[in-house]
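Peer 1: Dropping the structure in here first, questions after.
Each value in this text was obtained by applying a stated rule to the coordinates, not by laboratory testing. Owing to the predicted nature of the structure, the values given are computational and were not obtained by experimental measurement. Cβ atoms come from the backbone with ideal geometry, glycine included; neighbour counts cover every protein chain shown.
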Amino acid sequence: MLNTDTIVALATPSGGAIGMVRLSGSDAITITARLFKAKNTKINLCEAQANTLHYGILHTLKGDEIDEVMVSVYHAPHSYTGEESVEITCHGSSYIMQSAVHALIDAGARQARPGEYTQRAYLNGKMDLSQAEAVADLIASTNRATHKIALNQLKGHFSNKLLMLRDQLLKMTSLLELELDFSDHEDLEFANRDELKALACTISNHIKSLTHSFETGKALKKGIPVAIVGKTNVGKSTLLNQLLREEKAIVSDVHGTTRDVIEDTMEIHGVTFRFIDTAGLRHTQDKVERIGIERAYQKLEEAVIVLWVIDQQPTQKEIDQILSHIEDKKVILVKNKADLVSSSNASLSFPPLLSPLLKISISAKHGQGIQELEKLIYATADIPELDENSVIVTNARHYEALSRAQISISRVIEGLDLNLSGDLLAEDLRICLEELAEITGGAITSNEVLGNIFKHFCIGK
């Protein structure tokens, strides 16, 4: 499926001060040379050295001037795609950039498909499939954490981890298959079963660690959902506005003001949190408010962290109502309106039944304790420290392949416990190898899979 024709596309969006048009393919330099005339030099682009920059005028085939440009020349295989490549930097006008693309198409190039540059880089061996997918993740990164994860994957840390596992699996498989070559000798074992089991368990633990990281990766990618719940008029909307640093939700003394779910995101220490303000939980005959309360419970189920806001001693009914929906949730009990000096509020203490929960006192109205609450939210999320070697799985395709690999290696361990023959063990090991190879593209990857991956890229990348 490797195309050798020359493709062209915008590498930057139009409208900025400068823009870039990118070509890649066997005729990239030749096509550009037909339209480019260097200034202050007689150099022909076809004779230009690799990794050089040239100043001149870009024309149409008819000779009409398009713009003054800088042209970068790259020779195969030392380019992003591994092919002959040219990058034309011009002014960022939409008209100029589109004119350049149309002129280059008239000169022999064709419009690139979404993700085709990165697809060619993968097919030409410049990166493996997981690194290619990291390019899209890097472009789409919205916070420090997702940027770090994508950058580490692009650098090959995930690939290296998988390569280590595959090397260990290959060692096991080769020893077992060597035994099959000497099947006439039933008592002959090249692979010590105890050592095989220890190695299989080690591999299994590594794969489990990667699959378990997917929940963290998914949360970091989409934003960790934090539901703000409690009775009406306890200050949930005021708290949301304080956290978001804007007047996102309507604040009123009237009970039941918030009748629908309000969501927005903010970063805390480089991690995106998705805060969800919900309708106050109470019994009501108002149909619209009841719908909002039902949605509040739905969002409560989706949340990873729950901020349970109270402003007075909760009743047993309220406690039972909330606790029935927050099992397995990370809950922070937030005592609001700490600025009030009334004797009832001053004497407010957290109920003994709620003693295991994390607790904090704040004044959402005056911003008191908000920074401490943010620190507590971040700590409660339990995000692992990300360094340059961190490997976090964020891609559902990778997770599914790892899950299948985990099933195969578990069968190997079970087979060793049951003293199964080497051919059966070797078959499960081969399946495990194929699943890991599917992630990086080391195995034969179908055109359908490749097409599905790269169609989500932007054109020009």
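Peer 1: Please work out how much length the chain gains when fully extended from residue 102 to residue 37, using 0.36 nm per residue of separation minus the C-alpha to C-alpha distance, in nm with one decimal.
Peer 2: 21.6 nm
Peer 1: Students often get this wrong, so check it: of 155/197; 221/359; 337/359, which have C-alpha atoms separated by over 20 Å?
Peer 2: Checking Cα-Cα distances, 155/197; 221/359 exceed 20 Å.
Peer 1: Let me ask something else about it. Considering Cα pairs under 8 angstrom that are at least six residues apart, work out the relative contact order of the range 12-110 and quote it in whole percent.
Peer 2: The value is 37 percent.
Peer 1: Need one number: nm distance between label points at residue 195 and residue 302, each 7 Å from Cα along Cα→Cβ, rounded to one decimal.
Peer 2: So the label points at residue 195 and residue 302 sit 5.3 nm apart.
Peer 1: Once the piece of chain linking residue 55 and residue 212 is laid out straight, how much longer is it, given 0.36 nm per residue of separation minus the C-alpha distance between them?
Peer 2: Result for the pair: 51.3 nm of gain on full extension.
Peer 1: Further, regarding this structure: Calculated FRET efficiency, residue 390 and residue 68, Cβ-Cβ r, R0 35 Å, to nearest 0.05?
Peer 2: With a Förster radius of 35 Å, E is 0.20.
Peer 1: Going by average Cβ neighbours within 10 Å, how do the peptides 372-383, 320-331 rank, with the highest at the top?
Peer 2: Descending packing order for the listed peptides: 372-383, 320-331.
Peer 1: Highest mean first, how do 112-125, 151-164 rank when packing is the count of other Cβ atoms within 10 Å averaged over residues?
Peer 2: In descending order of packing, they fall as 112-125, 151-164.
Peer 1: With the contact rule set at Cα under 8 Å and sequence spacing of 6 or more, what percent relative contact order holds for the range 82-158?
Peer 2: Over the range 82-158, the number comes to 22 percent.
Peer 1: Between residue 319 and residue 151, how high is the FRET efficiency from 1/(1 + (r/R0)^6) when r is the Cβ-Cβ distance and R₀ = 45 Å? Nearest 0.05.
Peer 2: 0.50
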